[in-house]
1. Tell me the residue from 335, 324, 387, 276 that is open to solvent by less than 10 Å² (accessible area, probe 1.4 Å) and in contact (Cβ under 8 Å) with a residue 12 or more places away in the chain, please.
2. Quick check on the stretch 142-149. Is at least one of its residues over 20 Å from residue 47 (Cα atoms) and either surrounded by fewer than 17 Cβ atoms within 10 Å (Cβ to Cβ) or within 16 Å of ligand 3 (Cβ to nearest atom) (or both)?
3. So residue 52 clears everything in (1) within 13 Å of ligand 3 (Cβ to nearest atom); (2) part of a helix (DSSP H, G or I); (3) hydroxyl-bearing (Ser, Thr, Tyr) except one condition, right? Which one?
4. When the residues of the stretch 173-193 are filtered to those that are within 15 Å of ligand 3 (Cβ to nearest atom) and on the phi < 0 side of the Ramachandran plot, which remaining residue is most open to solvent (accessible area, probe 1.4 Å)?
5. Working only within the stretch 236-273, note down all residues that are more than 19 Å from residue 398 (Cβ to Cβ) and either touching a helix residue (DSSP H, G or I) at 6+ places or on another chain (Cβ under 6 Å) or open to solvent by less than 20 Å² (accessible area, probe 1.4 Å) (or both).
6. Contact list please: Cβ distance under 8 Å, first residue in the stretch 137-159 and near ligand 2 (Cβ under 8 Å from one of its atoms), second residue among the β-branched types (Val, Ile, Thr) and part of a helix (DSSP H, G or I), pairs at least six apart or on different chains.
7. So residue 40 passes all but one of these: (1) over 19 Å from residue 130 (Cα atoms); (2) part of a loop (DSSP other than H, G, I, E, B). Which condition number does it fail?
8. Would you be able to say whether some residue in the stretch 288-303 is open to solvent by 50 Å² or more (accessible area, probe 1.4 Å), more than 24 Å from the chain's Cα centre (by Cα) and β-branched (Val, Ile, Thr)?
Amino acid sequence: MEKYGGTSVGSVERIQAVARNVAEGVKQGDSLVVVVSAMSGETNRLVDLAKSLANRPSRREMDMLISTGEQVTIALLSLALEDLGIPARSFTGFQVPIQTDSVHGRARITSIEGDAIVSALDSGKVAVVAGFQGVSVDNDITTLGRGGSDTTAVALAVALKADECRIFTDVDGVYTADPRVVEEARRIPRITYEEMLELSGSGAKVMQIRAVEFASKYGVPLRVLSSFEPGEGTLITREENIMEQPMISGITSVDNEAKVTVRGVPDRPGIAYSILGPISDAHINVDMIVQNVSSEETTDLTFTINQDDLDSAMDLLAPVVRELEAETVVGDRNLAKISVVGVGMRSHAGIATTMFRALADKGINIQMISTSEIKISVTIDREYSELALRALHSAFRLEESAKKGG
Ligand code: ADP
Ligand code: ASP
Ligand code: MG
């Protein structure tokens, strides 16, 4: 199982290079399933087109639109393969079929029927499958959330019992921080599913979180590789396959968070439910939640969501605020979340202190804090996001630790 992301199929020349790579594998006798993304920039272009026509475009029509990018690349890659004398057959999500629930824009895969692909493989063809898309019980096209081609690849690897899933992208592995932002970032040779889950869940877009969830659940090894140059990449695997673990494996940022604060809510049972219930019913993902008791028996409830959901959330909460007789609801778009991830947190004290000191030294104010067993996250003013990443990367000496390990 191989997956090629947007930049890896970003031009005719790149598609030809991918075809040559696939042809190599075929010559070695592999029967191959290849998942591809849309050409780089294409999904964004389609989203922008829709936004220029409608303020809040229907999610069904959005999926119909943004799934087209992948349909272009499966056909182009199949043509390029045929041109090299390699028989190939393209599949949309509907043709496989990849069944999903009907939550447009962030659908979950419910089942995959492997027969059509297996019969293409049996007849000596390469199966080229459109990433990111599926089909709902109502026969509507759905998409799996941005970066969702990773999930298509892993789910297919599980369904077809592939022994490894190779994710080809524009970096040669998973790094200690986004190498585009932190120059000193280092490639991590091996990382556990658990750490990768936390990294993906807190902003490392190199792997979509659902893909890592699937891989972890079914024990499929993932390897992240560059489609531009040869190398070992990063192996994502179970903890027992990794000998020595660094204390901190990586640092991430999410720059599209927004904060909603409901102020002056009468402090009584059921408040969190009344506020967060409608948000969750609207399929808006809530990330951090903080509740503060203030004076006069009222409380403030603050939570963070994706900034694209802020307008909907504010609309949903306006009547709730009136009903609860709360003071007001305010939204703030200019937020970033910075997270430090590492299994070493289980056994080492003082990681939070190092983190907070490094931010204080740069004069960066922390707004909210949340922790899990192997992660500490803070929200800060978005303006300081890159500064915070670099400061933390050096405070935890990640440029050294990864070098030693790799
Ligand atoms: P693709 O189109 O192949 O799916 P993505 O753009 O989704 O590629 O993911 C690759 C990008 O992820 C890299 O170009 C890099 O800037 C970014 N990235 C963010 N965090 C990390 C990290 N910790 N390690 C590697 N890449 C990262
Ligand atoms: N083309 C989709 C996106 O840009 C899916 C993917 O690339 O994985 O999000
Ligand atoms: Mg991606």
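1. Checking each option against the conditions leaves just 335.
2. The answer is no; no qualifying residue exists.
3. Exception for residue 52: condition (1).
4. Checking each candidate, the answer is 180.
5. The answer is 237, 255, 256, 257, 258, 260, 261, 262, 264, 265, 271.
6. Close Cβ pairs (under 8 Å, with a partner that is among the β-branched types (Val, Ile, Thr) and part of a helix (DSSP H, G or I)) amount to 143/66; 144/151; 144/152; 145/151; 146/43.
7. (1)
8. yes
The values are calculated or read from the model by the stated rules, or taken from the named source; none is laboratory data. Not measured: the values here are computed from a predicted model. A quick note on method: Cβ atoms are made from the backbone with ideal geometry, for glycine too, and the neighbour counts reach across all protein chains shown. We work out accessible area using only protein heavy atoms, side chains counted, and drop any ligands, DNA or RNA first. Shrake-Rupley method; radii C 1.70, N 1.55, O 1.52, S 1.80 Å.
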